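Right, one structure below, let's go through it.
Read-outs: derived from the displayed coordinates by stated rules, not from any lab. Values in this document were obtained by computation on a predicted structure and should not be read as measured data. As a convention, Cβ positions derive from the backbone with ideal geometry for all residues, glycine included, and neighbour counts pool all protein chains shown.
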Amino acid sequence: MEWVWPWLTTLGEALLQLFIQPFYYMAVILIALIYHRQLLQERRLFLVRMQSSITQTIRAVLGGIVIGVMVSIVSLFLGTYVTMGAVISIWIAALVLSLIRIRYLCFAYAAGTLGILQFALNMASSWQPTGVLGQVVETIRALDMPALLVLAAFLHFGEAVLVRMQGVSMASPLLIEGKRGKLVGGYQIQLFWAIPLLILVPTTGGMAGLAWTPLFNAGQSYTLVALPLLLGFSESTQSMMPGRKIQLSSKRLLLYSLALLVFSLLAVWWSPLMVIAAIIAFAGHELLVGYSALEEQQLSPAFVHPQHGLKVLSVIPGSPAAELGIEAGETLYKVNGVLVHSPEELHKALRMNPAFCKLEVRNHQGESKFMQRAIYEGEHHQLGVILAPDNQEAWAVQLRPVTIFHIITLRLFTHRKERRMDEAPLALPAPPVVSEKGSVEM
């Protein structure tokens, strides 16, 4: 047990190194910007704030710490080899990839790219550049790619679990144009975590030996280094409830992680499989995204109004609708005994009794449930219900690749959808205007 105290000292030094390095803070700042941009998008579309970007950032940080602790323990026993050059290489690769798409700001994409690049450089072994380029090439060639890919597989096991646990609470409603140019409701699910990881690194001396033999046994003495990483998951859906989408995505992530783990472990014993594992790390992730997009195209939109009633796209947390138990995907059928077909009719029915309301709501199975509640001054004019679009003039989101530049500048891909003449409704009382704070202006 004489190795316990030296390792406790090393653990303290590694944690100090984690907080001294800028990479972890960079990851947290990027996550905060991502969720602040999402908040701005919600205000643009619905004139209300659905969730606090600070709360979402805290959830992401805490989730990342949970993954970091779990994977750090696994990597400790595996003996995953990494150097400061590897840390810098991973971050540079991730930042460069994020210039293409923000979801590429993920360890699996960075590790997969470096693995493919290492394979190409080893094939061109006769090429020996000098200077700074030579140092970069040698750093990439020296990376222990099977260990990094095994690490990526375990990280994505943790990601799949957190997607299942946090996905619904982080989903954000949005309005997009459907296949025929009409507005439909949907959800955007953005999950990013800053992972404070501690990795075992072989050294030439100065540390006591381990009480076990790690899989990636690179020497007799080891130390710990801090490896801050970023994991990301991004999906959108217009055909499913957020919970159903999250359930499917988490299962597919688990299968992806298992495939990556199997090929990465096999590459430990047979190095030619390393490039296959690297391709799986990158292309496998892209396959999941592509399959999800194809699935969305083949399914009908879920958030469109039925023939009778109004479809609920989302419910503002803490609102009267949330207290009543109204859920996304349900249908407001009758309000104060009046069948409603438009936001104007909903507002008119609520005004019939400004102090009290009775609701008939159809759930996901089409069954009616009855609710009633007092209405107080200052509450949301629609009880806190965000309705599916009715193709009147409104803001819509353009689904296009988002890069790190768009996140840093807080650029929103929204446009004003003008109502066509053939979509113009009959003359009805003008609906109230809701300010960003939720107050009603008549």
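The smallest convex shape that holds all Cα atoms of the stretch 4-298, its convex hull, gives 148 Å³ per residue. May I ask for the net charge around Leu230, where only other residues with Cβ less than 15 Å from the Cβ of Leu230 are counted and Lys, Arg are +1 while Asp, Glu are -1? Net charge around Leu230: +1. Counting 0.36 nm for each residue step from Leu95 to Glu286 and taking away their Cα separation leaves a gain of 67.0 nm. Distances between placed amide hydrogens fall under 5 Å for Phe303 paired with Gly185, all partners being 5 or more residues away or on another chain.
With r defined as the distance between the Cβ atoms of Gln372 and Val262 and R0 fixed at 60 Å, what FRET efficiency is calculated, to the nearest 0.05? About 0.60, to the nearest 0.05. Across the stretch 404-417, rounded Karplus estimates of 3J(HN,Hα) from the backbone phi angles (6.51 cos²θ - 1.76 cosθ + 1.60, θ = phi - 60°) give 5, 5, 5, 5, 5, 8, 6, 7, 9, 9, 10, 9, 7, 8 Hz, Gly and Pro being marked x. Over the stretch 305-387, the pair-distance histogram of Cα-Cα distances with 10 Å bins from zero comes to 19, 61, 19, 0 percent, rounded to whole numbers.
The slack between Trp270 and Thr55, meaning 0.36 nm per residue of separation minus the straight C-alpha distance, is 72.8 nm. Remark on the stretch 234-315: ratio of C-alpha radius of gyration to 2.2 N^0.38 Å is 1.54. Rounded to the nearest whole Hz, the Karplus-based 3J(HN,Hα) values (6.51 cos²θ - 1.76 cosθ + 1.60, θ = phi - 60°) of the stretch 56-68 follow the sequence 5, 5, 4, 4, 5, 5, 5, x, x, 5, 4, 4, x, with x at glycine and proline. Placing dummy labels 7 Å off each Cα toward the beta-carbon, the span from Ala394 to Glu327 is 2.2 nm. Charging the Cβ of each Asp and Glu at -1 and of each Lys and Arg at +1, and nothing else, the dipole of the chain about its Cα centre rounds to 680 debye.
The coefficient of translational diffusion for the stretch 282-325, derived via Stokes-Einstein from the alpha carbon Kirkwood radius under 10 °C and 1.306 mPa s, stands at 116 µm²/s.
At the listed q of 0.14, 0.16, 0.21 Å⁻¹, the Debye profile of the stretch 1-154, built from one uniform point per Cα, gives log10 I(q)/I(0) equal to -0.88, -1.06, -1.44. Kirkwood radius and radius of gyration were both taken over the C-alpha atoms of the stretch 287-352, and their ratio Rg/Rh is 1.13. Distant-in-sequence amide contacts of Trp395, defined by a placed amide H-H separation under 5 Å and a gap of 5 or more residues or a different chain, comprise Lys417.
Bridging of Lys369 to lysines at a Cα separation below 23 Å is possible for Lys311, Lys334, Lys348, Lys358, once same-chain residues fewer than 8 apart are set aside.
Kirkwood analysis of the stretch 44-132, using all unique Cα-Cα pairs, places the hydrodynamic radius at 16.5 Å. Annotation: aspartates and glutamates with alpha-carbon distance below 13 angstrom to Lys417 (same-chain offsets under eight excluded): Glu177, Asp390, Glu393.
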